[in-house]
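Undergrad: Please read through the structure below; I'll follow up with questions.
The values are calculated or read from the model by the stated rules, or taken from the named source; none is laboratory data. From a predicted model like this one, the values you see are computed outputs, not experimental measurements. Note: ideal-geometry Cβ built from the backbone for every residue, glycine included; neighbour counts use all protein chains shown.
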Amino acid sequence: MRDLYPEIEPYNTGFLKVSDTHTIYWEEVGNPKGKPLIFIHGGPGGGIDAGSRRYFDPTLWRVIRFDQRGCGLSTPFSELNDNTTWASIADIEKLRVHFNIEKWSVFGGSWGSTLALAYAIENPNRVSDLILRGIFLLREKEIRWFYQEGASFLFPDAWEKYLAPIPQNERHDLLNAYYRRLTSSDSKVRSEAAKAWSVWEGSTSKLLFDPSFVERFSVGEFADAFARIECHYFVNKGFFKEDGWLLKNVNKIRHIPTWIVQGRYDVVCPATSAYELHSAWPESVLHIIPDAGHSASEPGIKSKLIEATDYFGKQPLT
Ligand code: STX
């Protein structure tokens, strides 16, 4: 089993104004002469954390990381206006041009896999290889499974807490019931909803419940951006032209060398999505981790991701 590289600080950080409204935070980590890689965090709205710097050999990689619109250190915080999948794809291109990089590796888990796939489909010539984890295709059935019915059958205790802010007569459509509260002008309503939404995801992200992991999801500021931005993207169906758009366009990226790392017991992003993606893309390498859930920090997932970054870090840009 592989374990994380040592803690590391960025060698360069900054901000990039990407629209009239938004400015995003970025950082560069590792070897300035290493193979370039863009790190795409989850949520949307999750932001980057220091721990996820440690999946990359700092001698091999020049890792470029950023907080997507409205989260982490990006400003304005928790802003939903001008915040879409297409804007994020454009931001990744703005970063690529800003750093004068012709082609790079793309790494993303969960929503990061969604955005990585969408970015690659729109810009296939800019992507050298893909490392994807906990595949999320943002289809109606995936949203329904996690926020309406399905995951509820496996975590009835956590589900009860997720339901708590929503009265009986609104529970037939939890996504929209949450959206109303997360965009409420009543700050108490908004923060109660944000914590319940966010804790639901934290509670279901690991094979074995981990209270210290869940703790992070209940912190007010994190929960506010995470819940609001996720819910905003999901009520808007990811801003995709049609349900299943990523699968329908996979032919555009089948030539790109790709590893998919997926936990068998991923409740947040069930393995069916990774399997459907791999079935539509037989050239991709699918690693199903038999004893893991969703989180990148599960031992088996972490080990396979580091194997992947070591492998691709030694391949030339293709
Ligand atoms: N959202 C799953 C996701 O992208 C449906 C995600 N879950 N947790 C995270 O991201 C963080 C660890 C980045 C907070």
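Undergrad: Can you tell me which residue among Phe240, Phe226 is within 20 Å of Leu115 (Cα to Cα), away from the ligand (no atom under 14 Å from the Cβ) and under 17 Å from the mean Cα position of the chain (by Cα)?
TA: Phe240
Undergrad: Further question: From the list Gly51, Gly46, Gly14, Gly70, which residue is out of contact with any Pro (no Cβ under 9 Å at 6 or more places or on another chain) and either free of Cβ contacts under 8 Å to residues at least 12 places away in the same chain or surrounded by 17 or more Cβ atoms within 10 Å (Cβ to Cβ) (or both)?
TA: Gly46
Undergrad: One residue is enough: does the stretch 70-85 have a residue meeting the conditions in a helix (DSSP H, G or I) and closer than 18 Å to Phe240 by Cβ? Explain how you work it out, then say what you get.
TA: Within the stretch 70-85, the first condition is being in a helix (DSSP H, G or I), and the residues that meet it are 85.
Filter once more, so that each one left must be closer than 18 Å to Phe240 by Cβ: 85.
Yes; the residues of the stretch 70-85 include at least one that is in a helix (DSSP H, G or I) and closer than 18 Å to Phe240 by Cβ.
Undergrad: Quick one: in the stretch 114-126, which of the residues that are touching a residue at least 40 places away in the same chain (Cβ under 8 Å) and not aliphatic (A, V, I, L, M) is farthest from the ligand (Cβ to nearest atom)?
TA: Pro124
Undergrad: Could you say whether any residue in the stretch 245-257 is within 12 Å of the ligand (Cβ to nearest atom) and either in a helix (DSSP H, G or I) or in the same structural domain as Leu80 (by TED's automatic domain parsing) (or both)?
TA: No, there is no match, as no residue in the stretch 245-257 is within 12 Å of the ligand (Cβ to nearest atom) and either in a helix (DSSP H, G or I) or in the same structural domain as Leu80 (by TED's automatic domain parsing) (or both).
Undergrad: What are the residues in the stretch 199-222 that are of a type in the set (A, V, I, L, M, F, W, C) and within 15 Å of the chain's Cα centre (by Cα), if any? Before you say what the answer is, go through the steps one by one.
TA: First, the residues of the stretch 199-222 that are of a type in the set (A, V, I, L, M, F, W, C): 199-200, 207-209, 213-214, 217, 219, 222.
Across the stretch 199-222, the qualifying residues are Phe217, Phe222.
Undergrad: Which condition breaks for Arg53 when tested against (1) under 23 Å from Phe239 (Cα atoms); (2) outside any loop (DSSP other than H, G, I, E, B)?
TA: (1)
Undergrad: Given the criteria over 19 Å from Ser88 (Cβ atoms), buried (at least 21 other Cβ atoms within 10 Å of the Cβ) and in the same structural domain as Asn81 (by TED's automatic domain parsing), does Val268 qualify?
TA: Answer is yes for this residue.
Undergrad: Something else now. Counting only residues that are surrounded by fewer than 16 Cβ atoms within 10 Å (Cβ to Cβ) and either in the same structural domain as Ser205 (by TED's automatic domain parsing) or on the phi > 0 side of the Ramachandran plot (or both), how many does the stretch 95-112 have?
TA: Here the count works out to 1.
Undergrad: Can I ask one more? Is there a residue being in contact with a strand residue (DSSP E or B) (Cβ under 8 Å, 6 or more places away or on another chain), surrounded by 15 or more Cβ atoms within 10 Å (Cβ to Cβ) and part of a helix (DSSP H, G or I) anywhere in the stretch 128-148? It would help to see each step written out before you state the result.
TA: Start the filter on the stretch 128-148 by keeping residues that are in contact with a strand residue (DSSP E or B) (Cβ under 8 Å, 6 or more places away or on another chain), which leaves 128-135.
Next cut, surrounded by 15 or more Cβ atoms within 10 Å (Cβ to Cβ) only: 128-135.
Within this subset, residues satisfying the condition of being part of a helix (DSSP H, G or I) are none.
Scanning the stretch 128-148 turns up no residue that is in contact with a strand residue (DSSP E or B) (Cβ under 8 Å, 6 or more places away or on another chain), surrounded by 15 or more Cβ atoms within 10 Å (Cβ to Cβ) and part of a helix (DSSP H, G or I).
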